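Single-structure report; data block below.
The values are calculated or read from the model by the stated rules, or taken from the named source; none is laboratory data. If you're wondering where the values come from, they're calculated on a predicted model, not measured in any experiment. Backbone-built Cβ (ideal geometry, glycine too); neighbour counts: all protein chains shown.
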């Protein structure tokens, strides 16, 4: 059994919930994907394996995966959420290109330390955080500059 499956089973048991075949299919599909995804993308992928998984089951399971610490919701300025699994992954932040929608992941210890210092200064106990910087990637800046100079 995979470690993420063990962790999810523990979470479900502690919350009086069952590890159903549908939840197992969803969990495995989430962890087979190593990029950001949307709930509808997950639904399409899961339905290739099981016709009986509903959209409601997808959303409920995504919520449980977030609460269990296996998944993180990463909203990128749209009206719907994107997700990424975080189990055994180094914490990171996101740069989001508004032109091509590219997502650049980065880690920065100075930012992490600054957040810790601010929380200490305010006697604040953080549970999580998310940093998203919106702008234009190098490729889009180059193509925008070329189109402006022509």
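Below is a table of values for the structure above.
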quantity: Test: residue in region 35-55 that is touching a strand residue (DSSP E or B) at 6+ places or on another chain (Cβ under 6 Å), assigned to a helix (DSSP H, G or I) and within 24 Å of residue 130 (Cβ to Cβ); calculated: no
quantity: Residue that is farthest from residue 68 (Cα to Cα), among those in region 89-127 that are touching a residue at least 12 places away in the same chain (Cβ under 8 Å), under 13 Å from the mean Cα position of the chain (by Cα) and part of a loop (DSSP other than H, G, I, E, B); calculated: 92
quantity: Whichever residue in region 128-138 is more than 20 Å from the chain's Cα centre (by Cα) and free of Cβ contacts under 8 Å to residues at least 40 places away in the same chain and, among such residues, is farthest from residue 69 (Cα to Cα); calculated: 138
quantity: Single residue of region 13-38 satisfying the filter (surrounded by 16 or more Cβ atoms within 10 Å (Cβ to Cβ) and in contact with a helix residue (DSSP H, G or I) (Cβ under 7 Å, 6 or more places away or on another chain)) that is farthest from residue 85 (Cα to Cα); calculated: 22
quantity: Selection within region 22-68 - modelled with pLDDT under 85 and within 13 Å of the chain's Cα centre (by Cα); calculated: 33, 34, 35, 36
quantity: Selection from region 71-80 of residues that are at pLDDT 75 or above and either buried (at least 17 other Cβ atoms within 10 Å of the Cβ) or more than 11 Å from the chain's Cα centre (by Cα) (or both); calculated: 71, 72, 74
